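Below is one structure, written out as structure tokens; comments come after it.
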Amino acid sequence: MAAVSNPVVVMKRYEMKYILSGSQTEYFKKAVEGHMKIDKFGLTSIASLYYDTPNYRLIRTSIEKPPFKEKIRLRSYGIATEQSPVFLELKRKAYGIVYKRRVQSTIPLVDKFFRGVGDICAGGQINREITTFRDYYENLAPACLIIYDRIAYFQPDGDLRLTIDHNPRYRYDDLDLTTSMDGNSLLPEGSTILEVKVQQAVPLWLSEILTKGKIYKGSFSKYGEAYKQQLLKSK
């Protein structure tokens, strides 16, 4: 993915998640034709490296479903290199609303930042928020790598965005964005994760598609599910 012209992004929106079977996925893709368009990147492999404390404080708190929770992750599109752009994201959720701060960087600069050397971007409010997060939790380090193959849809004249994540997977070893896109499956074969992302209300046509397909909103965290599966393996 090419570097963006504005390396700092701030987002505020509602996000709803649904787990789809293989048949529901095919139904949904056909049903949204005419309403949504696939973005220019098509099917894209995404890797998100989650940082956490040595005792996994962030994900343990998230699993408890508090009204406020937060995570930090480093995202790459495809296998990264030392020079390619990666994106450090601070994601917070409060009472159903998701707030995201995202800055573009490189792996060496991010490594230095988590060692307490330098800023993550050229000052400003976003830099202060991410730095405060790092200093508050202390000893943040790579904890889990989440990988999936995403198709993203956008509404040409609206703020609605949909993503369908195929083959979500994870690993707790080789926590490196530069090596491979391999991992252990998070869901049964053929299942996908649908995310609906909107700043206002979900449109009626989409609600009708979801109802007809018997697609019901749930609570699902890729990192949270990976953590639970890893705990089961260790017992």
Item to check | Given (1) in a helix (DSSP H, G or I); (2) under 27 Å from Asp176 (Cα atoms); (3) polar (S, T, N, Q), number of the condition Thr25 does not satisfy | outcome: (2)
Next on the checklist: Being touching a Gly at 6+ places or on another chain (Cβ under 9 Å) and in contact (Cβ under 8 Å) with a residue 60 or more places away in the chain: is that true of Ile63 here?
Outcome noted: yes
Item to check | Residue check, Phe113 more than 19 Å from Glu225 (Cβ to Cβ), of a type outside the set (Gly, Ala, Ser), crowded, with 19+ Cβ neighbours inside 10 Å and more than 18 Å from the chain's Cα centre (by Cα) | outcome: yes
Next on the checklist: Exactly one of these conditions fails for Ile59: (1) aliphatic (A, V, I, L, M); (2) farther than 30 Å from Arg134 by Cβ; (3) touching a helix residue (DSSP H, G or I) at 6+ places or on another chain (Cβ under 7 Å). Give me its number.
Outcome noted: (2)
Item to check | Filter result (surrounded by fewer than 20 Cβ atoms within 10 Å (Cβ to Cβ), in contact (Cβ under 8 Å) with a residue 40 or more places away in the chain and closer than 30 Å to Leu210 by Cβ) within segment 162-176 | outcome: His166
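When segment 30-65 is examined, which residues are found to be part of a helix (DSSP H, G or I) and crowded, with 18+ Cβ neighbours inside 10 Å?
Selection gives Ala31, Leu58, Ile59, Ser62.
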Next on the checklist: Just to verify a result, which residue in segment 66-96, among those that are under 23 Å from Phe220 (Cβ atoms), among the hydrophobic types (A, V, I, L, M, F, W, C) and surrounded by fewer than 16 Cβ atoms within 10 Å (Cβ to Cβ), is modelled with the highest pLDDT?
Outcome noted: Phe68
Next on the checklist: Being farther than 13 Å from Ala47 by Cα, assigned to a helix (DSSP H, G or I), in contact with a Leu (Cβ under 7 Å, 6 or more places away or on another chain) and modelled with pLDDT under 95 is the requirement here; does Ile126 meet it?
Outcome noted: no
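The values are calculated or read from the model by the stated rules, or taken from the named source; none is laboratory data. Just so you know, these numbers come straight off a predicted model, no measurement behind them. In this analysis, Cβ positions are derived from the backbone assuming ideal geometry, glycine residues included, and neighbour counts consider all displayed protein chains.
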